[in-house]
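> Structure in C-alpha cells, see below.
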Amino acid sequence: MKKIILLGDSIRLSYQNRVTELLGSDYTVWGPDDNSRFASYTLRMLFEYKAQLEGADVIHFNCGLWDMCDLFGDGPFTPLEVYVEQMVRIAKILKTYAPGGAVIFATTTPPSPKMWGHDMDRVRAYNAAAMAALEPLGILFDDLFTPVAEDIDRMISEDYLHASPYGVEILANRVADCIKTNA
C-alpha cells in the first residue's frame, strides 16, 4: 500500500476526499484536517506532522492563496522572496521525511477576476518563482493553475476563489493521476 500525503490550503481540503476515493484501496491518504493557510504556517506545522509524513511514497503540497492576498493595497501578505524561501525550506524538509519518495509542488490556482485582494498575474509570478527555485531540488510539479485558468467561470465557485463542484472533480482527477504516476 502506498502512503500518500496531501498538504495545503482550502483548495487541497476541497479535493482531498475525492482524491482518496479516486486512488482507491492501494493507497492510504493522509492530510491534516486543518487548512495549511500561509507558507509560514505550513512550515511551522511540518514539525507537528512529522510522524504522519515520514516514509511517504508521495507528498503533494501547495501554499499560496493566503500568501499572495493583498487586502490592504500595500502588497501581498508574504513578499515573493519570502514565499520562495519558505517553499524551498518546506521542500527540503519534506524530502528528509520522504527519502526516496516523490515530493510534488502543486501550483496555486487562479482566483476569479472578480475576487478582491487577489490577482492572476501575481499568482503566475509566485508559481513561476517557486517552480524555478524548487526544480533544482528535484521537486516535481502538478500544474493546477492551467486547467482552472482555462475555464475559470466553470472551475471557480461563487465565492470567486475556491473550486466549484465541477472544479473539485477536475482538480481531484488531476491530483490523483499525478500521484499514481509518481507513486
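> Quick one: compute the contact order of the range 1-157, relative version, from alpha carbon pairs under 8 angstrom and 6+ residues apart, as a percent.
Reported as a whole number, the value is 22 percent.
> For LYS114, give me every one of the aspartates and glutamates with a C-alpha distance below 17 angstrom, ignoring sequence neighbours fewer than eight places off in its own chain.
ASP70, GLU150, ASP151, ASP153, GLU158, ASP159
> Right, something else. I need the helices of the chain that pass two filters: whole DSSP H segments spanning 18 Å or more by Cα along the axis, and mean Kyte-Doolittle score no lower than -1.0. Walk me through the numbers on the way to the answer.
Numbers: long enough: 10-23 (20 Å, -0.21); 80-97 (26 Å, 0.38); 120-134 (21 Å, 0.35); 165-182 (26 Å, 0.05).
Passing helices, by number: 10-23, 80-97, 120-134, 165-182.
> Please check the chain for the longest run free of chymotrypsin sites (Phe, Trp or Tyr not before Pro) that are loop-located per DSSP (anything but H, G, I, E, B) and have at most 13 other Cβ atoms within 10 Å.
Between exposed loop sites, the widest span is 1-71.
> When the chain is fully extended, how far beyond the present Cα-Cα distance does ARG44 get from ASP121, taking 0.36 nm per residue of separation?
Numbers: separation 77, 0.36 × 77 = 27.72 nm, distance 2.76 nm.
Extra length from ARG44 to ASP121 when fully extended: 25.0 nm.
> With every protein chain kept in place and ligands, DNA and RNA left out, what is the accessible area per residue of the chain? Probe 1.4 Å, answer in Å².
Numbers: 8440 Å² over 183 residues.
I get 46 Å² per residue for this part.
> I'd like the antiparallel share, as a percent to the nearest 5, of DSSP beta bridges with both residues in the chain.
5
> Looking at SER36, PRO79, ILE139, which one has the Cα that reaches farthest to the positive end of the dipole of the chain (charges on Cβ: Lys, Arg +1; Asp, Glu -1)?
ILE139
> With a 1.4 Å probe and every protein chain kept in, tell me what percent of the accessible surface of the chain is carbon plus sulfur.
52
> Given only helices, namely DSSP H runs of n ≥ 4 each adding -39500 (n - 2.57), what is the per-residue ellipticity at 222 nm of the chain, to the nearest 500 deg cm²/dmol?
Here the helix-only value at 222 nm equals -15000 deg cm²/dmol.
> A follow-up question, please. What net charge do the residues around THR146 carry, taking every other residue with its C-beta under 13 Å from that of THR146, with Lys and Arg at +1 and Asp and Glu at -1?
Numbers: positive: ARG124, ARG174; negative: ASP142, ASP143, GLU150, ASP151.
Summing Lys/Arg as +1 and Asp/Glu as -1 gives -2.
> Which loop-located GluC sites (Glu not before Pro) does the range 1-103 contain, where loop means any DSSP state but H, G, I, E or B and the Cβ has at most 15 other Cβ atoms within 10 Å?
Within the range 1-103, the qualifying GluC sites (Glu not before Pro) (loop, at most 15 other Cβ atoms within 10 Å) are GLU54.
> Another question about this same structure. Give the residue list of GluC sites (Glu not before Pro) in the range 98-183 that are DSSP loop and have at most 15 other beta-carbon atoms within 10 angstrom.
Counting only loop positions with at most 15 other Cβ atoms within 10 Å, the GluC sites (Glu not before Pro) in the range 98-183 are GLU158.
> Could I ask something else about it? Let me know the whole percent of all Cα-Cα pairs from the range 107-150 that are separated by more than 17 Å.
Details: 319 of 946 pairs.
Across the range 107-150, Cα pairs with separations above 17 Å total 34 percent.
The values are calculated or read from the model by the stated rules, or taken from the named source; none is laboratory data. What you see is a predicted model; the values in this text were computed from it and never measured. Using ideal geometry, Cβ is built from the backbone for each residue, glycine included, and neighbour counts are taken over all protein chains shown. Note: areas computed on protein heavy atoms with side chains; ligands, DNA, RNA excluded. Shrake-Rupley method; radii C 1.70, N 1.55, O 1.52, S 1.80 Å.
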